[in-house]
Each structure stands twice: as structure tokens, then as C-alpha cells.
1. Kindly state which strands (runs of 3 or more DSSP E) lie completely within the chain and contain at least 3 residues that are open to solvent by 50 Å² or more (accessible area, probe 1.4 Å) and not hydroxyl-bearing (Ser, Thr, Tyr).
2. Do any residues in the stretch 7-23 that are modelled with pLDDT of 90 or more have Cβ atoms under 8 Å from those of residues that are open to solvent by 100 Å² or more (accessible area, probe 1.4 Å) and among the polar types (S, T, N, Q), where the two are at least six apart or on different chains, and which pairs are they?
Amino acid sequence: MPHVHEEIIETRKGYVLTDKKSIHLRALKDMIDVYGIKRPAGSEWLVGVDLANSHILDVNEKFVTEVQITSLSNR
């Protein structure tokens, strides 16, 4: 619930992560993410199922793309 002096600007939905799908994010400014990792402005990283089952973007995070698993053979 927003406070009396607050306004809802945007509603964000969460991204469901699986062992075959991750999300690629970028930090908009220096921050510490919800997982306790320090992220300098402009840094990029993947959030996968090893960190969480779902992820909701923070105000200082920008969604870049969804990343599908890449399987490599021995060749």
C-alpha cells in the first residue's frame, strides 16, 4: 500500500527462473542487490535458478534480455 504522499508509477511483475532460463540485468547506479552483492553502475550479470526461483526488478536494475541455456558438445 502506498503512503498518502506516494504515487504508484509502475507495476512490475516477477520473472520466473528455471534451470533452462535466466535473466540478464544491468545496474543503473551503484547498489547492493537483494542477494547482498555489490553492483557498480553499468555492471551486468545473470540471475539464474541458483540464486532464486523468481526475481522482481529493483528500481536500480534494468532488464536486458532473457537468456536460454546453451548446451555444448565435446566438439
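1. Details: elements: 21-27, 44-47, 61-68.
Qualifying strands (runs of 3 or more DSSP E): 61-68.
2. Val16/Asn53; Leu17/Asn53; Lys20/Gln68; Lys21/Gln68
The values are calculated or read from the model by the stated rules, or taken from the named source; none is laboratory data. Keep in mind that what you see is a predicted model, and the values were worked out from it rather than measured. A quick note on method: Cβ atoms are made from the backbone with ideal geometry, for glycine too, and the neighbour counts reach across all protein chains shown. To get the accessible areas, we keep the full protein, side chains included, count just its heavy atoms, and leave off ligands, DNA and RNA. Shrake-Rupley method; radii C 1.70, N 1.55, O 1.52, S 1.80 Å.
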